[in-house]
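A.B. asks: Provided herewith is a single structure, encoded as structure tokens, for subsequent inquiry.
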Amino acid sequence: MPRTATPRHYLMVRPTFFDVEYSINPWMDPKKPTDTDLAIAQWEWLRDLYLELGHRVEQLEPRPGLLDMVFAANGATVLNGQAFVARFRHPQRQPEAGAYLDWFRAHSYHDVRQSRWVNEGEGDYLVAGGRILAGTGFRTDSRAHGEAAEFFGVPVTGLTLVDPHYYHLDTALCVLDADTVMYYPRAFSPDSRRLLEELYPDAIRAGDLDAAVFGLNAVSDGRHVVLPQAATGLIAQVRERGFEPIGADMSELLKAGGSVKCCTLELRT
Ligand code: ARG
């Protein structure tokens, strides 16, 4: 039985000023050369793919000097038309939050709030059916989980990340539909692993190689699953479950520790 896609609304930021000049996660090596034009080409391919799949894509203007701004997922979490705006952990990214606050206000979102505690948007908050799965350990402060629960009025389930390579929840777990997820068990603390096993006994589990090419940094519309093309094991597993995998080449953005999902913020009305 083929699965059903639902049209989505995404916010993206063109990597016009993309570069790796500092290191705030283990993937970033400022000594490695980056190719901004290639990053832009890879990003444009992703945007065009979303449009072809029938999704709406909105763009927020990148700002010079904000090298990681392409990772729109980190800017906010948006649910029921409410925008919970990020407060970034590292000074290099802190000014991005203002751009998101401005954007949501300019686009007539009535309920816009910046969190009091560090929170890196959909990097660490993944909407899964009626709940939000929320990561902590490296970026988002667990006190911001409670804030999100109160702001959105939905249950928030905290998960602790333990491997610095998987510093955001969206590098270690992907929501495929309301009750299907795929994740990399080794990225989580023993307690969080047990919790995931309880919540999702039928989850797809990723192996080391697929996780290391950011295979879990994927975007699903309920039918199509866009994920890094190098994640060949996950591509096969996702196909077996009746989804339609689409491989993406985001090699340039991976140099900053990001891929498909990091570039995509979902606007849920
Ligand atoms: N260089 C960025 C950082 O470390 C990458 C962010 C990736 N985004 C994500 N949603 N995982 O903040």
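A.B. asks: For the range 72-156, state the semi-axes of the equivalent ellipsoid (square roots of 5 times the eigenvalues of the alpha-carbon gyration tensor), sorted largest first and rounded to whole angstrom.
C.D. replies: Semi-axes, largest first: 18, 17, 10 Å.
A.B. asks: Under 5 Å between amide H atoms, partner at least 5 residues away or on a different chain: which partners does GLN59 have, H built in plane at 1.01 Å?
C.D. replies: Amide H neighbours of GLN59: MET12.
A.B. asks: For all pairs of alpha-carbon atoms in the range 1-112, what percent lies in each bin of width 5 Å, listed from the first bin to the last filled one?
C.D. replies: In order of increasing distance, the bins hold 2, 11, 18, 21, 19, 15, 9, 4, 1, 0 percent.
A.B. asks: A further question follows. Based on DSSP H runs of at least 4 residues, each adding -39500 (n - 2.57), what is the mean residue ellipticity at 222 nm of the chain after dividing by all its residues, to the nearest 500 deg cm²/dmol?
C.D. replies: Estimated from H runs of four or more residues: -7000 deg cm²/dmol.
A.B. asks: Still on this structure, I have one more. For the chain, what is the convex hull volume of the alpha-carbon atoms per residue, in Å³? Write out the running numbers ahead of the final one.
C.D. replies: Values: hull volume 29.7 nm³, N = 269.
Spread over its residues, the Cα hull of the chain gives 110 Å³ apiece.
A.B. asks: Next up: Tell me the relative contact order for the chain as a rounded percent, counting alpha carbon contacts under 8 Å between residues six or more apart.
C.D. replies: Relative contact order of the chain: 23 percent.
A.B. asks: How big is the dipole moment of the chain about its Cα centre under a simple scheme where the beta carbon of each Lys and Arg is +1, that of each Asp and Glu is -1, and everything else is neutral? Debye, nearest 20, please.
C.D. replies: Numbers: 27 positive and 36 negative charges, 82 e Å.
Value, rounded to 20: 400 debye.
A.B. asks: When the chain is fully extended, how far beyond the present Cα-Cα distance does GLU52 get from HIS90, taking 0.36 nm per residue of separation? Numbers along the way, then the final one.
C.D. replies: On the way: separation 38, 0.36 × 38 = 13.68 nm, distance 3.52 nm.
The span from GLU52 to HIS90 would gain 10.2 nm if fully extended.
A.B. asks: If R0 is 22 Å, what FRET efficiency do you get for SER189 and LEU209 from their C-beta distance, rounded to 0.05?
C.D. replies: Computed FRET efficiency for SER189 and LEU209: 0.50.
A.B. asks: In square nanometres, what is the average projected area of the Cα convex hull of the range 47-99?
C.D. replies: Projected area, direction-averaged: 4.4 nm².
A.B. asks: Still on this structure, please answer the following. For PHE17 paired with ALA41, estimate the spin-label separation in nm (one decimal), with each label point 7 Å from Cα along the Cα-to-Cβ line.
C.D. replies: Each label point is offset 7 Å from its Cα along the Cβ direction, giving 2.4 nm.
A.B. asks: Would you please give the FRET efficiency between THR232 and HIS110, computed as 1/(1 + (r/R0)^6) with r the Cβ-Cβ distance and R0 = 51 Å, to the nearest 0.05?
C.D. replies: 0.70
A.B. asks: Further question: Put +1 on the Cβ of each Lys and Arg and -1 on the Cβ of each Asp and Glu in the chain; which of LEU38, LEU253, ALA128 then has its Cα farthest toward the positive end of the dipole?
C.D. replies: Of the options given, the answer is ALA128.
A.B. asks: Something else now. Compute the convex hull volume of the Cα atoms of the range 115-269, divide it by the residue count, and report the result per residue in Å³ as a whole number.
C.D. replies: Taking only Cα atoms, the range 115-269 has a hull volume of 103 Å³ per residue.
A.B. asks: Taking θ = phi - 60°, what integer Hz values does the Karplus form 6.51 cos²θ - 1.76 cosθ + 1.60 yield along the range 29-35, in sequence order, with x for Gly and Pro?
C.D. replies: 10, x, 7, 6, x, 10, 10
A.B. asks: Something else: Output wanted: per-residue J couplings in Hz (rounded whole) for the range 53-66, from phi through Karplus 6.51 cos²θ - 1.76 cosθ + 1.60, θ = phi - 60°, x for Gly and Pro.
C.D. replies: Along the range 53-66, the couplings run 6, x, 8, 9, 10, 9, 10, 9, 5, x, 10, x, x, 9 Hz.
A.B. asks: Within the range 111-216, report the chymotrypsin sites (Phe, Trp or Tyr not before Pro) that DSSP leaves as loop and that have at most 14 other Cβ atoms within 10 Å.
C.D. replies: TRP117
Read the figures in this text as sums done on the coordinates, not as results from a lab. On a predicted model such as this, the values are computed, not experimentally measured, just so you know. Virtual Cβ from ideal backbone geometry, glycine too; neighbours counted across all protein chains shown.
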